[in-house]
Amino acid sequence: AVPHIAAGINLNMPVIGSLLRRGGAFFLRRSFGGNPTYSAVFTRYLGAILARGHSIEYFIEGGRSRTGRLLQPKTGMLSMTVRSYVRNPARPVVFVPVYFGYERVVEARTYVGELSGRPKEKESILTLLRTLPELRSRFGKVYVSFGDPLPLDDVLREHLPDWSRQSPPVITEEKPAWLSPVCHDLARRVMTRINAAACVTPVNLLGMVLLATPRQSMGEADLARQLELYASLLRQAPYSPRVWVTPLDGQSMIRHCESLRMLRRQPHPLGDIVRMTEAEAVLATYYRNNALHLLLLPSLLACAFLNNATIARRDLLRLAGRVYPYVADEYFLRWREDELPAVVDELLEDLLNHGLLTASEDRSEWRRPTAESSEAVQLSVLGRITVPILERYYIAISLLLRAGSGRLTQDALERQCQLTAQRMAMLYELNSPEFFDRALFGLFIERLAARGVIAVSADERITFEPVVLEAVSSDAQFVLHEQIRNSILQVVHR
């Protein structure tokens, strides 16, 4: 049966709105603020749909991602679903996470423009008509996969041990104290399970490889080997059992991406050069981000060897433990922090099996290949995937240390981070608008506060112990190349 689909009221346009409604859409306001009657009526409406056994589809992010990665979830619809169910638990409710992956997105250029500061264009029939010529282009395939189902009863029992469908707690119009923790936990689990059901396409892998090279170009044979390496890493140490990886070999992936007009070929007697134009590279960040989380930890481990020929296992564990809480929140990674040592050991063994690392007999020390080997190049390209993420973190920490404790508010720090990252992108031609996305800096600052690395005083200024923050900075120095650190500090201390 076609589900009932929650849609923003901005899509209720003449003609289009009627067609969408016939396809199962029901329209709602983007915000219920200041109108408790609307919220109460809508909650009862959801309850009626659930009680009748109809499926409901809604997009937990509350809007379309402009970067290709999952957004931080909005819990409004979840909250109404939970309250409706608890008030009248006529039928069990199960959340089924769904992953959608596109090889090309019609609105990709619009998303890039919005990330660069252009205001969002309001939906209209005229806007729709203007996109019709675009449909003559080839957009490849759409991949749909399903994550592990999540019964609501199980989550409720964890937070409310006495929960029972036979004797549910009394719900009034007042918001119960347990509702927010339940909804935030539920949202986090749904997002994590969506990412755990990702589909890895040639387009995703191409973005991860070429965007980690200085000029988004590579020899065809080298590119094919790197694409096959990433696919093999994902198959032999899978992120989750529900991840699907393209079965194509490297050359077939290149031909597929050429057919989508994402690559340019430059003939050369020693072998063709395959590259992206600047515009294609910016668009490719969206597709890379769809699957970046799957290679994030292997890349972080590889990144540690960019500046260090030999690293002790304990140092790799410390680095992973320091960075993981922040990337886990940003990318909805599936492992708990106490599971990290075992995950790191498994990934190191996978890198060893692919010839990208060697190890001492007791695995207490790990080494990168000799600099002149092809494996060293492969390890370097893999490691550079996570460098921009660590650069963003280092920018925020450097600005805090430079300003001193109690000098900056969070709003001021976010703004300075954004301006610094923009300047870095302009100076060093970084083709990635998300590099200076203010929301990502805000999320990192919030996680620093949540973990007690920084605190916010009564006058909203950020305070910290310099020793603690300098310890975080020292780990960034351990990974980031001296030239990169100097470039960031040059911009920060301008």
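The values are calculated or read from the model by the stated rules, or taken from the named source; none is laboratory data. A quick note: this is a predicted structure, and the numbers were derived from the prediction, not measured. Positions of Cβ are generated from backbone atoms using ideal geometry, with glycine treated the same way; all protein chains shown enter the neighbour counts. Accessible surface is based on the protein model in full, side chains and every heavy atom, while ligands, DNA and RNA are left aside. Shrake-Rupley method; radii C 1.70, N 1.55, O 1.52, S 1.80 Å.
Things to note:
- On a per residue basis, the chain carries 49 Å² of accessible surface, using protein heavy atoms and a 1.4 Å probe.
- Folded to 0 to 90 degrees: helix 340-353 orientation relative to the chain principal axis, Cα: 50
- Partners of Lys74 within straight-line reach, counting aspartates and glutamates whose Cα lies under 13 Å from its Cα and excluding those fewer than 8 residues away in the same chain: Glu61, Asp185.
- Prolate/oblate/rounded label for segment 259-327 (Cα gyration tensor, a/c 1.5): oblate
- Near Ile5: Cβ cut-off under 11 Å, other residues only, Lys/Arg at +1 and Asp/Glu at -1. The net charge is 0.
- Between Trp335 and Thr37, the modelled label-to-label distance comes to 5.4 nm, taking each label 7 Å out from Cα in the direction of the beta carbon.
- HN-Hα J in Hz across segment 442-453 - Karplus 6.51, -1.76, 1.60, θ = phi - 60°, x for Gly and Pro: x, 5, 5, 5, 5, 5, 4, 5, 5, 8, x, 6
- Two-site label geometry, Asp148 and Leu19: point separation in nm, points 7 Å out along Cα→Cβ: 4.0
- For the chain, pairs of C-alpha atoms spaced more than 44 angstrom apart make up 18 percent of the total.
- The local environment of Leu70, defined by Cβ-Cβ distances under 15 Å, has a net charge of +4 under the rule Lys, Arg +1 and Asp, Glu -1.
- In the chain, the calculated helix contribution to ellipticity at 222 nm averages -16000 deg cm²/dmol per residue, counting -39,500 (n - 2.57) for every DSSP H run with n ≥ 4.
- Cross-link partners of Lys141 among aspartates and glutamates, defined as those whose alpha carbon lies under 15 angstrom from its own and excluding same-chain residues fewer than eight positions apart: Glu103, Glu258.
- Straight-distance crosslink candidates among aspartates and glutamates, where the alpha carbon sits under 15 Å from Lys122 and sequence neighbours closer than 8 are dropped: Glu107, Glu114
- Along each principal axis, taking the top coordinate minus the bottom one, the Cα set of segment 388-494 gives 40, 26, 24 Å in descending order.
- Degrees separating the helix 482-492 axis from the principal Cα axis of the chain, which is the longest one: 50
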